[in-house]
Amino acid sequence: MAKLYFYYSAMNAGKSTVLLQSAYNYQERGMETLIFSPAMDSRFAGGKVHSRIGLTADAIAFDQAFDLYQFTANHQAANPTLACVLVDEAQFLKKPQVMQLTDIVDQLDLPVLAYGLRSDFRAEPFEGSQYLLILADNLIELKTICHCGKKATMSARIDQQGRPVKEGAQIQIGGNESYIAMCRKHYKMSG
Ligand SMILES: [Zn+2]
């Protein structure tokens, strides 16, 4: 029985690294994988997954209108060894696209591994993560730590002067801001 898995964390917990390792494990056994990543990821050209430790893989870029179910159904028909679907930066999915992931599992009988942020820098939900938390069969937390050593559950946005910011657009295209993972206590004390 295929399942929908949601691997969630704060920023910089190594989500893309885990995704690429999982894809490699399938490919090593002769099973094909399909990797989706958002076209809006401005850090790199669309169609790639990059991890901070240097691993990289080709991916299918999706925007908000992209039908992940239809693409996967067509791909499966042409590639019978397709064994798994992986989604990078899954917080950027829209609600209908999360439903498409459930259709990939329920109708195509393919496991789906989605990786994304639990919440944004304002401590507000992302649409994709919100519905994945509701609809996924399995929730797996990827852990990283705050500077104090406690588990980090929050992602703070840091401006160019190194100051935490708590307001602004959820997605900053082409921005120079960076993010730091923090525990809740230190997130509340910042900014
Ligand atoms: Zn802390």
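Read-outs: derived from the displayed coordinates by stated rules, not from any lab. Remember, it's a predicted structure, so these values are computed and weren't measured experimentally. All Cβ positions, glycine included, derive from the backbone under ideal geometry; neighbour counts span all protein chains shown.
The figures follow:
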quantity: Segment Lys95-Ala73, extension gain: residue separation times 0.36 nm, minus the distance between their alpha carbons; calculated: 6.0 nm
quantity: Label-point gap, in nm, between Arg52 and Val165 - each point 7 angstrom along Cα→Cβ; calculated: 2.0
quantity: Cross-link table Lys15/Lys94; Lys94/Lys151; Lys95/Lys150; Lys48/Lys188, entries beyond 25 Å C-alpha to C-alpha; calculated: Lys94/Lys151; Lys95/Lys150; Lys48/Lys188
quantity: Cα-based Rg of the chain normalised by 2.2 N^0.38 Å, two decimals; calculated: 1.03
quantity: Fewest-first ranking of Val165, Val87, Val105, using other Cβ atoms within 10 Å as the exposure measure; calculated: Val165, Val105, Val87
quantity: Loop-located trypsin sites (Lys or Arg not before Pro) in the range 1-30, at most 10 other Cβ atoms within 10 Å (DSSP); calculated: Arg29
